[in-house]
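The values are calculated or read from the model by the stated rules, or taken from the named source; none is laboratory data. The structure presented is a predicted model; accordingly, all values stated were derived computationally and were not measured. Neighbour counts run over all protein chains shown; Cβ positions are idealised from the backbone, glycine included. Side chains are part of the model used for accessible areas, which takes the heavy atoms of the whole protein and leaves out ligands, DNA and RNA. Shrake-Rupley method; radii C 1.70, N 1.55, O 1.52, S 1.80 Å.
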Amino acid sequence: IPVTKPRPSCWAINEPATVNGGFLSVQQALPAGFGVNANFTLADGTTANRDPVQGDSKVTWNLGGYWQSGPFSANLDYTYRSHYYVATYEGTQEFEDDWADLDGAVTWNVLHNLTVNFNALNLLNREIKYYANGNTEAPYAMYDNGRTFYLTAMYKF
């Protein structure tokens, strides 16, 4: 005899939802090729059944700095994202915990059609944590992807 559970309301497909909030962004060039940029988003979303909206972080913000001079450019960006609803699995709401990240990049336009890039991702070496039903004290999955570095060259024909 098969055992079934009622389908949770948060499994609805195309369920009506409302997201209220705001967004603020600034970018400012500074002397000597430097500049800063920042943005802040506040978003509070719920579905018609009072479930969280998938992927909706209440608070997200970024702060970055850049430098450009001749064929060289570099940037360093910090990002913060508050916890958010990921999915429902076997009737349990899964969330990804708050996280912060620091990424950087350096670009060199060697020739008109040749560019070399160095990217450094996850410099804070953050660990991704998932938890169920709002219980941040008992994560059920943790991922340590480590820092990642890329050196790439692009040639335009």
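Dividing the mean sequence gap of close Cα pairs (under 8 Å, 6+ apart) by how many residues the range 32-98 holds gives a relative contact order of 28 percent. The candidate values are (1) 153; (2) 234; (3) 185; the one derived from this structure for volume of the Cα convex hull per residue in Å³ carries the label (3). Solvent-accessible area of the chain (1.4 angstrom probe, protein heavy atoms only): carbon and sulfur portion equals 58 percent.
Find out how many positive minus negative residues lie around Tyr85, taking Lys and Arg as positive, Asp and Glu as negative, among other residues whose Cβ is under 10 Å from that of Tyr85. Local net charge: -4. Seen from Gly21, the other residues with C-beta closer than 12 Å to its C-beta sum to a net charge of -1, counting Lys and Arg as +1 and Asp and Glu as -1.
Spin-label model, Phe72/Asn135: points 7 Å from Cα along the beta carbon direction are separated by 5.3 nm. The modelled label-to-label distance between Val110 and Thr46, using points 7 Å beyond Cα along the C-beta direction, is 5.7 nm.
With all protein chains kept in place, the per residue accessible area of the range 65-157 amounts to 64 square angstrom at a probe of 1.4 angstrom. Cα centroids of the range 107-123 and the range 41-55: 38 Å apart.
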